[in-house]
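Inspection log for the structure reproduced underneath, given as structure tokens.
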Amino acid sequence: MSEQPQHPRRPRVAVVFGGRSSEHAVSCATAGGVLRAIDRGKWDVVPIGIAKDGRWVLAADDPEPLAIAPGHLPEVDPDAAAVLVPLSTRDRSLTVLEAGEPPRTLGDVDVVLPLLHGPFGEDGTLQGYLELADVRYVGSGVLASAAGMDKHYMKVVFAAAGLPVGPYRVITDRAWRADRVAALATLEGLAYPLFVKPARAGSSMGITKVHDASGLEAAVEAAREHDPKVVVEEGIVGREIECAVLEGHGTDAPRTSMVGEIAVHGAHEFYDFEAKYLAEADVDLRCPADLPAEQADEVRRLAAASFEALGCEGLARVDCFVADDGRVLVNEINTMPGFTPFSMYPRMWAASGLDYPSLIDELLTLALERRTGLR
Ligand SMILES: Nc1ncnc2c1ncn2[C@@H]1O[C@H](COP(=O)(O)OP(=O)(O)O)[C@@H](O)[C@H]1O
Ligand SMILES: [Mg+2]
């Protein structure tokens, strides 16, 4: 005779964070926020850190050391016990390996919450690993993650879907190494100031605002510190307006939040790394943004259309420019946006009636509802 258990097992969530990208510390901060807020009555949490060298380790279930503070960038301890996720459709158990101890199993993982930003985490590589392991995970799959990470292919997809993007050029590694004078010549016709960016980075790392041709070469070199592929864009004069998107349940359309605005002042020429994480006094995050309803609706429409154009799943934040001449352009999509309780994505949902712990529940529920394999 089978009996319903008195207390059904809570789904086990592996909160994965850290990683090999330059946004390691930002990812740790996000994980700290989630570990603090996640409803332990509903979810059985296993924190897994990915060290800067790529090693997966069992992390302490403690948000304290994960916070970013002036002079302190948190980091996953590479020497903690290793964790293995088997690459098999028959086995979803986590194994812990500690020096001098026999391997021990942590039991099955039901869903992974990959809180990684940047390459080797947000870009489809980790998602590919989880596909191979046949484990459910929060957020976009391989293709949407990869295209969303790449500021070049993101624009190719958006433009093909009829979404408005600003003028830009790409300088590939080969073009730069073959003839940098010729590569710089391809930028003629773009109006200054220009934004020179690594194609696949985030948190404004490696981005330079360039006011005339004399600054271009150094800016390309700075971007290439992060990615051999560089994107150069015309600077847009206007406001930065963002919208949070959540996948719908079943066959429902994606949901969009109220739109928010990032307003940067002080010494920052744009929303740079300092402004994002260290000089919060110089930035106003406003939600809802004080914007005419027509423009706010247009941003929301573009946000949902961008999500669908890339085939995103779970969540994404879509960042737009509302230009002073009235145009609304898509700047970028983030398939794993900043996700601390103070980050724009959760704040936009909070302003729209979904608080941070409920948002975490919603994302995990969406991930558990979806099937593994091709979707
Ligand atoms: N084409 C542009 N015109 C005006 N400002 C820009 C442009 N591109 C980037 N910026 C500024 O730089 C910031 C970071 O650029 P973004 O493309 O969003 O990179 P990241 O992925 O690092 O966030 C933006 O939030 C904005 O302040
Ligand atoms: Mg951005």
If you take just the strands (runs of 3 or more DSSP E) that sit entirely in segment 140-220, which of them hold at least 1 residues that are free of Cβ contacts under 8 Å to residues at least 40 places away in the same chain?
-> 194-198, 208-210
Would you call residue 285 within 16 Å of ligand 1 (Cβ to nearest atom) and either modelled with pLDDT of 95 or more or β-branched (Val, Ile, Thr) (or both)?
-> no
Exactly one of (1) modelled with pLDDT of 95 or more; (2) more than 23 Å from residue 344 (Cα to Cα) is unmet by residue 243. Its number?
-> (2)
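Here's the yes/no breakdown for (1) touching a residue at least 24 places away in the same chain (Cβ under 8 Å); (2) more than 16 Å from ligand 1 (Cβ to nearest atom):
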position: 224; (1), (2): yes, no
position: 248; (1), (2): no, yes
position: 256; (1), (2): yes, yes
position: 265; (1), (2): no, no
Which condition number in (1) in a loop (DSSP other than H, G, I, E, B); (2) among the small types (Gly, Ala, Ser); (3) surrounded by fewer than 20 Cβ atoms within 10 Å (Cβ to Cβ) is the one that residue 281 fails?
-> (1)
Kindly check whether there is at least one residue in segment 75-85 that is at pLDDT below 95 and in contact with a Phe, Trp or Tyr (Cβ under 6 Å, 6 or more places away or on another chain).
-> yes
Just need a number here: residues in segment 302-345 that are within 16 Å of ligand 2 (Cβ to nearest atom) and basic (Lys, Arg).
-> 1
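Yes/no per residue for (1) buried (at least 18 other Cβ atoms within 10 Å of the Cβ); (2) more than 14 Å from the chain's Cα centre (by Cα); (3) basic (Lys, Arg); (4) more than 27 Å from residue 151 (Cα to Cα):
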residue: 318; (1), (2), (3), (4): yes, no, no, no
residue: 324; (1), (2), (3), (4): no, yes, no, no
residue: 335; (1), (2), (3), (4): yes, no, no, no
residue: 346; (1), (2), (3), (4): yes, no, no, no
residue: 356; (1), (2), (3), (4): yes, yes, no, yes
residue: 362; (1), (2), (3), (4): yes, yes, no, yes
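The values are calculated or read from the model by the stated rules, or taken from the named source; none is laboratory data. These numbers were taken from a predicted model, which means no experiment stands behind them. Neighbour counts run over all protein chains shown; Cβ positions are idealised from the backbone, glycine included.
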